[in-house]
Amino acid sequence: MADKKDDFSVKKISPKLGGERGIRNPKGPTSSHDLVEQMEFLYVENQVFAFDKTKGDVLSVTLKDGRRENGTVIGKQNFKVAADIPFRVPPDARIAPQWYSMGNMELMMLVWFGTQADEVYPRAWFADASDVSASCVRNTRPKLYLAPRLCYVRVTIVSGHDLICNDAERTPSVYVRATLGDVELYTEVSLGSNPSWNQDLIFVASEPLEETVYITLFDKVNGQPHDDECIGVLNKKLSEMNAVKVPGSAPALFYDIEPPVKLEPASDSRRFASRMKMKLATDQAYHVFDECIQYSSDYRAFAKGLWPDLLGKLEIGILGATGLQPMKEWRDGRRSTDAYVVAKYGNKWSRTRTVVGSFSPKWNEQYSWDVYDKCTTVTFGIFDNNQLAVVSSNTNLDGLIGKVRIPLTSLEWDRVYTCSCPILVLREDGLKKTGELQLVVRCLCVANAYVRATSPFRWMLPKAHYKSPLSMVQTEDLRWQAIRLNCLNLARAEPPLRNEVVLNMLRPTNKSFSMRITNANLERLRKVGRMFNWCLWMKETIRSTTDFQPKIIACVASLVVVFGWWYWILCLAVWPVIPVYLAVISLREIFRLGRLECNRLVLGVETHRPPPLVPVDLKLWGLDSPDLDELAEEFDTFPSSVVDVNVLRMRYDRLRREMGENVMLLLGDVASQCERFCALVSLLDSPLAWICFSLVCYVIVVFVYMFWDHRGLLIK
């Protein structure tokens, strides 16, 4: 079992990165394309071709009349790779193309040595993709996609006035249909000529906000949908709606409803119009989720004026992969994998080039993103490209090899992480590793000291989510609208990012019942319940932090909680202790920082090692030794496809008794901790008891911070 855990762990690698600073500054590289290994290519530009320079000594360029096999050779030019071809590294200027004699003709072309930092790299035709047809080679090229930002469109149907129907003797039964794009939403049915709904219909739209919302009124007849009669329409462009950029609602206005042509009296020159009272607005103060909330990479609102200050830069070097599994089999019996990586953070997507026919591809491509909140996650998806043959693209879907997620909270600022992350896939027969993805990650802080210090205390979501919150059901429904819009927008790019890729990157985890996930959630609740213990709370809030400021904040916060505002006299009584305490720990931190810098600059020793990257706690989530029957239940359909009644009875008993017992014990533990806390508070009825208790707690805070060695905890 230990070997299995080691196999699933994140391994540290030592790639030869470009632009390294050396031993005196070991925090890492500082140049363009510095987080990847340099790859040298031989470029030939008329249409750009890229070759591995180590594959041969002579470059032969042949000009033919016609196809490859049957064409007539017009001329040929040979280049000695070592002597005749210059080397160019950006930002060097481009080399001017030259005319080369090809028999009776001349060909203008350019030949040079370059790296993946060259500007022609994204549009080159690589030698490993020589078997790919010219019409499909675009599907192998790297690309950077910027998905349009998303915004909520709120159509609030308040009421209708003077609505008429075809049958004057019948009371109208009216409902409203609002349509944006291919999404249709309906209100409930309301009776009368002046019906009232006061119902919100919320859509998701992408920038630029130039679409039109079509509002249609229907009179329900005979209770059959096909018998419903249209009694009015209204079209409204999104650019004409109120742009709400602060938490709140738009004003309710009256809008004239255009009646159908057949209802307008032909002999009357006057025009009678029914009216609708509605609130039409683009809610730009919200963030539209297109990812799962627990794996979100962005929390910014649509309106740029509500964005927080820029915190830093996320720089990713995608080096390569090892141990990939065969994903398809060709007609000749050869098994192959044509892998590429898609990385998503915020609304910026990156796609590496496709390395054809390799189980250990090397990409060495670097991308960067702006970071506005460090409590976010970057997602990598590894896919097998099935668009390399001239066949119907709708039938061949790119296969998902696996995904890797890295939370930015596990990364320290301005430090380079070189790691090989396992690509894990959970199946019915257990947790399987389909390869390893080699990454170089760096979070570079560009914010000033004030922004960096106050960033942990900002609201995670825009304020509109707290003042006018959406329900979880609404958020999930709107998230699927956002996913559909992303699929449509990214499919129009060139080359397109296919729908199955976007869906796999944004698809949530399985929501069906799972004993494994339930036990993991119970364990998470137990950890939270243990936080009621005062000593453990001190350990978690004081010892687990390494920065100077959070420790001060934790100590001051503990004093405020212990003392309470009604004992401000006690605070005044002990205020001389605080400057002494701050002075002592300040000197201690300065001495420790000076020693670390001396060891790093003079001796070249990095005494402060960062904590290891652990994207997934396998033990917590029950993935180190999963129960195969529980996995079978987790992947089972609803209703169950199991025929054996005994298996269903066993699962029901396990759910009813075992899980019920765990829930009962957890609630009992949480209740016991709450009762102990209440009993402790009840003992402190007199001011003298409060003073003694506060002093003891204050001494514990000082003792925990001053004498406990918290560095050993981080190294483990």
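The values are calculated or read from the model by the stated rules, or taken from the named source; none is laboratory data. Keep in mind that what you see is a predicted model, and the values were worked out from it rather than measured. Every residue, glycine among them, receives a Cβ derived from its backbone with ideal geometry; neighbour counts consider all protein chains shown.
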Pairs, please: C-beta under 7 Å, at least 6 apart or cross-chain, first residue farther than 19 Å from residue 102 by Cα and in the range 48-60, second aliphatic (A, V, I, L, M) and in a helix (DSSP H, G or I)?
50/127; 51/127; 52/127
Scan the range 299-317 residue by residue and report those that are among the hydrophobic types (A, V, I, L, M, F, W, C) and in a loop (DSSP other than H, G, I, E, B).
301, 302, 303, 307, 310, 311
Checking residue 395 against (1) surrounded by fewer than 18 Cβ atoms within 10 Å (Cβ to Cβ); (2) part of a strand (DSSP E or B), which single condition isn't satisfied?
(2)
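Just for strands (runs of 3 or more DSSP E) wholly inside the range 183-265: which have at least 2 residues that are assigned by TED's automatic domain parsing to the domain that holds residue 464, in contact (Cβ under 8 Å) with a residue 60 or more places away in the chain and not aromatic (Phe, Trp, Tyr)? Break it down into steps so the answer makes sense when it comes.
Working: elements: 183-186, 196-206, 212-219, 229-237, 242-244, 253-257.
The strands (runs of 3 or more DSSP E) meeting that bar number zero.
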For residues in the range 471-497 being touching a residue at least 40 places away in the same chain (Cβ under 8 Å) and more than 20 Å from residue 207 (Cα to Cα), which is surrounded by the fewest Cβ atoms within 10 Å (Cβ to Cβ)?
474
Condition (residue is surrounded by 15 or more Cβ atoms within 10 Å (Cβ to Cβ), modelled with pLDDT of 85 or more and under 29 Å from the mean Cα position of the chain (by Cα)) applied to the range 156-175: is it met by at least one residue?
no
How many of the residues in the range 412-431 are over 18 Å from residue 374 (Cβ atoms) and among the hydroxyl-bearing types (Ser, Thr, Tyr)?
2
Looking at (1) at pLDDT 90 or above; (2) in contact with a helix residue (DSSP H, G or I) (Cβ under 8 Å, 6 or more places away or on another chain), find the lone condition where residue 187 falls short.
(2)
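Filter the range 135-182 down to residues that are aliphatic (A, V, I, L, M) and free of Cβ contacts under 8 Å to residues at least 24 places away in the same chain, then give me how many there are.
Taking the range 135-182 and keeping what is aliphatic (A, V, I, L, M), we get 137, 144, 146-147, 150, 153, 155, 157-158, 163-164, 168, 174, 176, 178, 180.
From what is left, the residues that are free of Cβ contacts under 8 Å to residues at least 24 places away in the same chain are 137, 168.
Looking only at that region, the number is 2.
Which one is farthest from residue 288 (Cα to Cα) among residues in the range 446-470 that are surrounded by 17 or more Cβ atoms within 10 Å (Cβ to Cβ) and of a type outside the set (A, V, I, L, M)? Talk me through it step by step, then tell me what you get.
Start the filter on the range 446-470 by keeping residues that are surrounded by 17 or more Cβ atoms within 10 Å (Cβ to Cβ), which leaves 447, 452, 455, 461-462, 464-465, 470.
Narrowing further to those that are of a type outside the set (A, V, I, L, M): 452, 455, 462, 465.
Values: 452: 25, 455: 21, 462: 11, 465: 10 Å.
Across the range 446-470, the extreme among qualifying residues is 452.
Listed here are the residues, each with its yes/no results for (1) of a type outside the set (Gly, Ala, Ser); (2) more than 29 Å from residue 480 (Cβ to Cβ); (3) surrounded by 13 or more Cβ atoms within 10 Å (Cβ to Cβ); (4) at pLDDT 95 or above.
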residue: 249; (1), (2), (3), (4): no, no, yes, no
residue: 264; (1), (2), (3), (4): yes, yes, no, no
residue: 267; (1), (2), (3), (4): no, yes, no, no
residue: 271; (1), (2), (3), (4): yes, yes, no, no
residue: 284; (1), (2), (3), (4): yes, no, yes, no
residue: 296; (1), (2), (3), (4): no, no, yes, no
residue: 302; (1), (2), (3), (4): yes, no, yes, no
residue: 308; (1), (2), (3), (4): yes, no, yes, no
residue: 315; (1), (2), (3), (4): yes, yes, yes, no
Among the candidates 351, 415, 405, residue that is at pLDDT below 90 and not hydrophobic (A, V, I, L, M, F, W, C):
415
So how many residues does the range 89-117 have that are surrounded by fewer than 15 Cβ atoms within 10 Å (Cβ to Cβ) and not aliphatic (A, V, I, L, M)?
11
